[in-house]
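> The structure under discussion is supplied below as structure tokens; questions concerning it will follow.
Any read-out appearing in this document is the output of simple, stated calculations on the displayed coordinates, not a laboratory observation. None of these values were measured; they are calculated from a predicted model. FYI the Cβ positions are ideal-geometry reconstructions off the backbone, even for glycines, and counts take in every protein chain you see.
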Amino acid sequence: MTDNHIYGNYNFELSTRKSGNRRNSKIADPGSFLYPRETTSPSRRIQVLLVVLSLSLLCSLCALGVVTYLLCGSLYVSENNQIDSLLETKDGHLGATASAKMTDIPLPTRSAAKSTKLIGCKSCLDGWVSHGAKCYFFSNDAVNWTHSRDHCVSMGGHLVIINSQQEQTFLRSMNVNSWIGLNDFETEGWWLWVDNKPLSQTGVNFWIKWGGGVSEPNNSKKDDPSGENCARLSNPEGYSGWVDAPCGELHAFVCEGLSVN
């Protein structure tokens with residue numbers, strides 16, 4: 001009995017191998033029941049790959065945004081610094097226009113003339129001459145009319161405005177042939193002072209009257225096709241007064257400011 005029991009299974013296995021189909025009688029791997037194999041479908045792998053790619057793309061976009069922000073900020077600061085530098089340079093050369101060409105500075109308009117302010121000086125600054133309640137600056141440099149106007153403004157005054165016979169006599173005594181603050185380049189024959197007041201409102205004018213019925217202003221186009229649109233003091237032999245002249249001619253100039261005691 002003992003022997004039959006021990007070899008019972010062995011005989012059963014042998015009989016099975018002999019009587020059954022070998023292909024259908026394979027014994028399953030015991031390990032497959034204890035440790036089943038995990039399988040990953042292709043669709044699952046694709047989903048994981050797409051998630052990884054999406055995260056990588058998002059990170060790249062964030063990094064690009066940060067770099068763009070920093071770059072734009074740097075360019076903005078650099079541009080502002082350049083603008084500030086240009087403005088400082090322009091302000092530093094405000095009084096240096098007298099050496100430039102006339103074409104570099106546009107002729108003033110009515111609105112520009114209105115903005116001209118008459119700034120006084122205390123008991124006349126050094127280089128200025130006192131007369132009555134005003135101070136006068138007589139330049140030694142010869143420049144065109146536009147530059148003379150701008151130079152006077154840069155010094156706190158304006159090209160001289162002549163309001164009386166007394167003032168004209170004083171300027172004549174200085175024996176000057178200089179620009180004054182009178183022009184008609186906006187409208188021919190309509191003479192305006194630099195404070196935008198018409199000549200007709202001052203009540204006086206001192207245009208030279210030549211012999212033979214010829215007088216100033218005559219808007220001669222002999223020397224300049226654009227005519228003579230700016231006024232200056234003139235003291236030719238036997239005459240004294242104002243003449244009109246091409247604004248591009250180079251002459252000395254007279255600035256005027258108020259005297260404050």
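> Consider Asn235 against the criteria (1) in contact with a strand residue (DSSP E or B) (Cβ under 8 Å, 6 or more places away or on another chain); (2) surrounded by 14 or more Cβ atoms within 10 Å (Cβ to Cβ): it satisfies all of them except one. Which criterion is unmet?
Unmet for Asn235, out of (1) in contact with a strand residue (DSSP E or B) (Cβ under 8 Å, 6 or more places away or on another chain); (2) surrounded by 14 or more Cβ atoms within 10 Å (Cβ to Cβ): (1).
> Only one residue in Asn205, Asn219 is within 19 Å of Arg172 (Cα to Cα) and in a loop (DSSP other than H, G, I, E, B), so which one is that?
After applying the criteria, what remains is Asn205.
> For the list (1) touching a Ser or Thr at 6+ places or on another chain (Cβ under 8 Å); (2) buried (at least 16 other Cβ atoms within 10 Å of the Cβ), I need the number of the one condition that Asn196 fails.
So the condition that Asn196 fails would be (2).
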